[in-house]
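The values are calculated or read from the model by the stated rules, or taken from the named source; none is laboratory data. A quick note: this is a predicted structure, and the numbers were derived from the prediction, not measured. Neighbour counts are summed over all protein chains in view; Cβ atoms, including those assigned to glycine, are modelled from backbone coordinates with ideal geometry.
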Amino acid sequence: MENKSLWKKITGSREALLLAILVVMGIFITILNPTFFSPVNIGQIFRNNALTMIMALGMLCVMLTAGIDISITSTLAFAGMTIGMLTKYNIVNSTLALFLIAMVMGCFCGAMNGLIIAKGKVAPIICTMGFMYIWRGMAYVVGNSQFASGEDVREFAEFGKDGTIGPYIILIVCYALFFWMLKWTKFGRKIYAVGSNAEAARISGINVDNTLISVYTIMGTLAGLAGALSVSIYASAQPNMQYGREMDVIAACVIGGVSMSGGRGSVAGTFLGALIISIIAKALPLVNVPSIAQNTVKGVIILVVVIFNVITQRMVDRQNLERREM
Amino acid sequence: MAGKSGRSINAEQKITAKKLLFTWEGALIVLFILVNIFNMNISQSYTFANVLREMPKYLAEMFMVLPMAYILVLGDIDISVGSIVCLTGTLTCYISNAGAPFPIVILGCLAAGLICGVINGSIATSFPELPSMITTLGTQIIFRGIAEISLGGGGSVAYNNTKQIMPLSTKLGKTVPVIILVVLVIAIIFTVVLQLTTFGRSLYAIGSNKTSAFYAGVDVQKCRFIAYVLMGLMASMCGLFLTAYTYGANTTTGQGFEMEVIAMCVFGGIASTGGKGTLIGGIIAGLIITLLRIALGQANVNSQMILVIVGALLIIAVLIPGIKGKIDEMKKLRAAA
């Protein structure tokens with residue numbers, strides 16, 4: 001398999017398939033509505049989905065270790081609600097400090113997840129489900145039946161206001177950082193090793209527990225960052241913000257080819273997966289499909305992509321078997 | 001029990017009171033009593049009659065605990081049930097508003113749930129290599145999406161004729177709500193089927209080891225299919241009773257139910273990795289959470305505080321087996337030394 005041609009490498013990769021889907025979608029939408037490809041539209045696609053895209057990076061790392069984290073939007077609400085209250089009552093007003101507070105809180109929440117999953121040997125979905133309830137409840141407790149409106153967080157919202165480049169910079173920095181981390185650092189390769197075969201990784205001297213804890217801590221930190229960004233972009237902080245949206249993040253990863261059993265997935269794939277979901281949301285109204293049909297289309301695409309993947313995998317397996325029999 | 005299912009290699013185990021107390025179900029019963037004492041202390045109006053009156057609101061979720069236990073025992077997971085509740089609830093409202101007679105309304109709702117279950121089941125069984133979390137994530141979004149489309153721009157629907165669905169929310173003899181009896185009957189059936197029949201035991205076999213169950217002659221995919229169909233059916237029961245108590249449905253009906261139901265099961269000792277736990281535990285755990293909600297609601301505790309308590313209970317519950325295992329290990333090491 002070493003002398004695999006470059007062409008085969010490109011056509012065989014998951015990212016190429018996703019890119020092809022994206023291009024076809026783009027052409028299709030542009031034919032139906034030529035206004036789609038304007039800089040304003042593209043900018044809005046990224047701005048409106050910055051939260052999903054950022055958290056998808058953390059989810060990628062978690063899913064690479066064969067885990068899952070469904071507490072992220074609760075962490076987001078807890079951190080976002082806290083900084084919303086802090087700036088509402090003028091306790092902290094510096095934008096940077098608020099971002100840092102949110103990230104530290106997210107880091108703490110994620111570390112709790114990681115500790116219990118790694119040291120307590122608890123199934124990730126169950127542990128994060130527990131924290132999903134706890135942090136969401138804490139968001140309500142912090143809010144004390146109040147919420148921060150646009151007027152309360154005006155200064156902080158300057159950062160993510162429509163037309164500013166703040167959210168884009170955060171997005172680009174995050175993606176560049178994770179691309180580098182997962183591909184070229186020791187830690188990144190450890191994540192893949194733990195996900196592919198935890199036992200083999202342990203025997204070859206990788207501290208599996210520490211890797212797991214770090215991965216969930218990273219996820220939490222990103223969720224905290226997304227919380228601050230959410231308050232800034234939408235200029236409000238409510239305890240129920242982004243409720244149930246963790247499934248969007250997981251869906252972005254799944255469409256992007258991240259395997260739930262661990263060890264398989266890439267930053268590029270995750271990005272394309274998140275982009276496909278974002279474009280569907282933006283483009284449906286433009287091509288005269290009512291926006292209430294958005295979820296149905298999204299669900300169908302998820303199923304089609306994963307089932308297509310299984311069928312191609314089966315074909316490849318069968319071909320390999322036939323070759324061996326000859 | 002072991003004798004009936006044909007696994008009586010060992011002699012029947014002696015069941016002592018001490019052993020019973022140290023099972024997960026025993027611990028849950030103790031916790032159940034403690035929670036009731038706690039509830040009576042924090043709320044003056046926590047009486048039997050009041051609890052009976054407030055319970056139906058929360059009891060609709062109990063329908064889904066039963067088949068979810070089956071699915072978790074199989075080692076699968078179904079996160080589309082909240083959306084099935086929404087879809088079937090919406091359909092029930094539309095069928096009823098179209099003037100259909102009461103039996104047709106119920107049959108229509110159950111048929112819709114059945115179809116949702118069949119869809120989930122056939123995807124799960126035709127592509128067994130896909131994790132059930134992903135396929136049901138897809139159908140979760142689709143089912144709620146269809147409900148959203150049928151609800152249209154307004155996003156909600158109410159019963160035109162609330163008298164028609166009144167039979168679902170009435171009380172027998174003016175004290176016992178119908179829903180309690182229905183839940184009780186279905187719970188007994190589900191428990192007996194899981195613990196005492198061949199089908200129930202084969203679910204455990206599949207959950208413990210799919211491959212060996214297959215070679216032992218269990219039709220793995222058929223069992224999984226039945227579990228998913230039952231799940232869809234019970235989710236539609238939940239949708240039916242939920243809308244009967246809330247007089248309508250909207251796009252957020254049943255949102256988050258899937259996680260609440262899974263939490264009740266796991267708290268009840270049913271492992272999400274499959275093959276472990278009993279339905280009795282799941283039912284007691286569901287009751288504990290329901291009663292806590294009622295009492296905290298009566299005591300005017302911030303209603304979201306219950307989330308923190310449920311989450312903490314869940315994490316403690318899943319941590320205990322690990323801690324117990326570590327202690328046992330240390331004891332063994334000490335004995336060896």
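Filter region A:113-123 down to the residues that are assigned to a helix (DSSP H, G or I) and without any contact (Cβ under 8 Å) to a residue 60 or more places away in the chain and list them by number. Before you say what the answer is, go through the steps one by one.
Step one: list which residues in region A:113-123 are assigned to a helix (DSSP H, G or I), which gives A:113-119.
A:Ile116 - this is the single residue of region A:113-123 that is assigned to a helix (DSSP H, G or I) and without any contact (Cβ under 8 Å) to a residue 60 or more places away in the chain.
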Exercise for the section: Name the one entry in A:Thr312, A:Thr270 that is crowded, with 22+ Cβ neighbours inside 10 Å and either touching a His at 6+ places or on another chain (Cβ under 8 Å) or away from chain B (no Cβ under 11 Å) (or both). Expected result: A:Thr270
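Name the residues in region A:113-126 that are over 19 Å from the mean Cα position of the chain (by Cα) and within 9 Å of chain B (Cβ to nearest Cβ), would you? Can you show your working first?
In the first step, residues of region A:113-126 are kept if they are over 19 Å from the mean Cα position of the chain (by Cα); the result is A:115-123, A:126.
Passing the criteria: A:Ile116, A:Lys119, A:Gly120, A:Lys121, A:Val122, A:Ala123, A:Ile126.
Can you tell me which residue within region A:234-246, out of those that are surrounded by fewer than 24 Cβ atoms within 10 Å (Cβ to Cβ), within 14 Å of another protein chain (Cβ to nearest Cβ) and not hydrophobic (A, V, I, L, M, F, W, C), is farthest from the chain's Cα centre (by Cα)?
Filtering region A:234-246 down to residues surrounded by fewer than 24 Cβ atoms within 10 Å (Cβ to Cβ) leaves A:234-236, A:238, A:240-245.
Going one step further and asking which of them are within 14 Å of another protein chain (Cβ to nearest Cβ), we end up with A:238, A:240-245.
Within this subset, residues satisfying the condition of being not hydrophobic (A, V, I, L, M, F, W, C) are A:238, A:240, A:242-245.
Values: A:Gln238: 21, A:Asn240: 19, A:Gln242: 13, A:Tyr243: 15, A:Gly244: 14, A:Arg245: 10 Å.
So the residue we want is A:Gln238.
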Exercise for the section: Name the one entry in A:Met112, A:Met103 that is at pLDDT 90 or above, of a type in the set (A, V, I, L, M, F, W, C) and within 18 Å of B:Gly311 (Cβ to Cβ). Expected result: A:Met112
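Quick check on this structure: which one of A:Val215, A:Val249, A:Val231 is surrounded by 24 or more Cβ atoms within 10 Å (Cβ to Cβ), assigned to a helix (DSSP H, G or I), of a type in the set (A, V, I, L, M, F, W, C) and in contact with a Cys (Cβ under 6 Å, 6 or more places away or on another chain)? Spell out how you get there, then give the answer.
Values: A:Val249 fails: in contact with a Cys (Cβ under 6 Å, 6 or more places away or on another chain); A:Val231 fails: in contact with a Cys (Cβ under 6 Å, 6 or more places away or on another chain).
Only one candidate passes the filter, namely A:Val215.
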Practice task
May I ask you to verify whether A:Ile277 is part of a helix (DSSP H, G or I), in contact (Cβ under 8 Å) with a residue 60 or more places away in the chain, over 22 Å from A:Gly195 (Cα atoms) and in contact with a helix residue (DSSP H, G or I) (Cβ under 6 Å, 6 or more places away or on another chain)?
Solution key: yes
Exercise for the section: Output the residue which, of all residues in region A:24-70 that are in a loop (DSSP other than H, G, I, E, B) and not small (Gly, Ala, Ser), is surrounded by the fewest Cβ atoms within 10 Å (Cβ to Cβ). Expected result: A:Asn33
Handout entry: Condition met for A:Val297 (within 14 Å of chain B (Cβ to nearest Cβ), under 13 Å from the mean Cα position of the chain (by Cα) and in contact (Cβ under 8 Å) with a residue 12 or more places away in the chain)
Key = no
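Within region B:268-280, track down each residue that is in a helix (DSSP H, G or I) and over 11 Å from the mean Cα position of the chain (by Cα). It would help to see each step written out before you state the result.
Our first condition is that a residue be in a helix (DSSP H, G or I); within region B:268-280, this holds for B:279-280.
Within region B:268-280, just B:Ile280 meets the criteria.
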Fill in the blank from the handout: Residue set B:Phe241, B:Phe225; condition touching a Pro at 6+ places or on another chain (Cβ under 8 Å) and either surrounded by 24 or more Cβ atoms within 10 Å (Cβ to Cβ) or not basic (Lys, Arg) (or both); output residue B:Phe241
Problem - Leading residue by the ranking (farthest from the other protein chains (Cβ to nearest Cβ)) among those in region B:298-337 that are of a type in the set (Gly, Ala, Ser), more than 20 Å from the chain's Cα centre (by Cα) and under 30 Å from A:Asn240 (Cβ atoms) - result: B:Ala299
Practice task
State whether the residues of region B:108-128 include one that is within 10 Å of chain A (Cβ to nearest Cβ) and in contact with a Leu (Cβ under 8 Å, 6 or more places away or on another chain).
Solution key: yes
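Per-residue answers, yes or no, for (1) over 30 Å from B:Gly145 (Cα atoms); (2) crowded, with 24+ Cβ neighbours inside 10 Å; (3) modelled with pLDDT of 80 or more; (4) of a type in the set (D, E, K, R):
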residue	(1), (2), (3), (4)
B:Leu20	yes, no, no, no
B:Ile29	yes, no, yes, no
B:Leu59	no, no, yes, no
B:Met64	no, yes, yes, no
B:Pro67	no, yes, yes, no
B:Asp78	no, yes, yes, yes
B:Thr88	no, yes, yes, no
Completion exercise
Selection from region B:69-87 of residues β-branched (Val, Ile, Thr) and more than 25 Å from B:Ala213 (Cβ to Cβ) yields B:Ile84, B:Val85
Exercise for the section: Answer yes or no: is there a residue in region A:189-210 that is among the polar types (S, T, N, Q), assigned to a helix (DSSP H, G or I) and at pLDDT 85 or above. Expected result: yes
Exercise for the section: Could you tell me whether region A:276-289 includes any residue that is over 27 Å from A:Ile172 (Cα atoms), at the interface with another protein chain (Cβ under 10 Å from one of its Cβ atoms) and not β-branched (Val, Ile, Thr)? Expected result: no
Exercise for the section: Only residues that are more than 24 Å from the chain's Cα centre (by Cα), farther than 30 Å from A:Ala281 by Cα and surrounded by 18 or more Cβ atoms within 10 Å (Cβ to Cβ): list them for region B:139-175, please. Expected result: B:Tyr159
Practice task
Might you let me know whether region B:300-317 holds any residue that is surrounded by fewer than 15 Cβ atoms within 10 Å (Cβ to Cβ) and at pLDDT 85 or above?
Solution key: yes
Practice task
Specify the residue that is nearest to B:Thr191 (Cα to Cα); the eligible residues are those in region B:271-295 that are surrounded by fewer than 20 Cβ atoms within 10 Å (Cβ to Cβ), within 12 Å of chain A (Cβ to nearest Cβ) and not basic (Lys, Arg).
Solution key: B:Ala271
Practice task
Tell me, please, whether a residue that is out of contact with any Ser or Thr (no Cβ under 8 Å at 6 or more places or on another chain), buried (at least 24 other Cβ atoms within 10 Å of the Cβ) and either modelled with pLDDT under 90 or not aromatic (Phe, Trp, Tyr) (or both) can be found in region B:91-107.
Solution key: yes
Problem - Where A:Thr221 falls short, out of the listed (1) surrounded by 24 or more Cβ atoms within 10 Å (Cβ to Cβ); (2) away from chain B (no Cβ under 14 Å) - result: (1)
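Would it be correct to say that A:Phe179 is assigned to a helix (DSSP H, G or I) and surrounded by fewer than 16 Cβ atoms within 10 Å (Cβ to Cβ)?
Details: assigned to a helix (DSSP H, G or I): yes; surrounded by fewer than 16 Cβ atoms within 10 Å (Cβ to Cβ): no.
Judged against the criteria, A:Phe179 is not a match.
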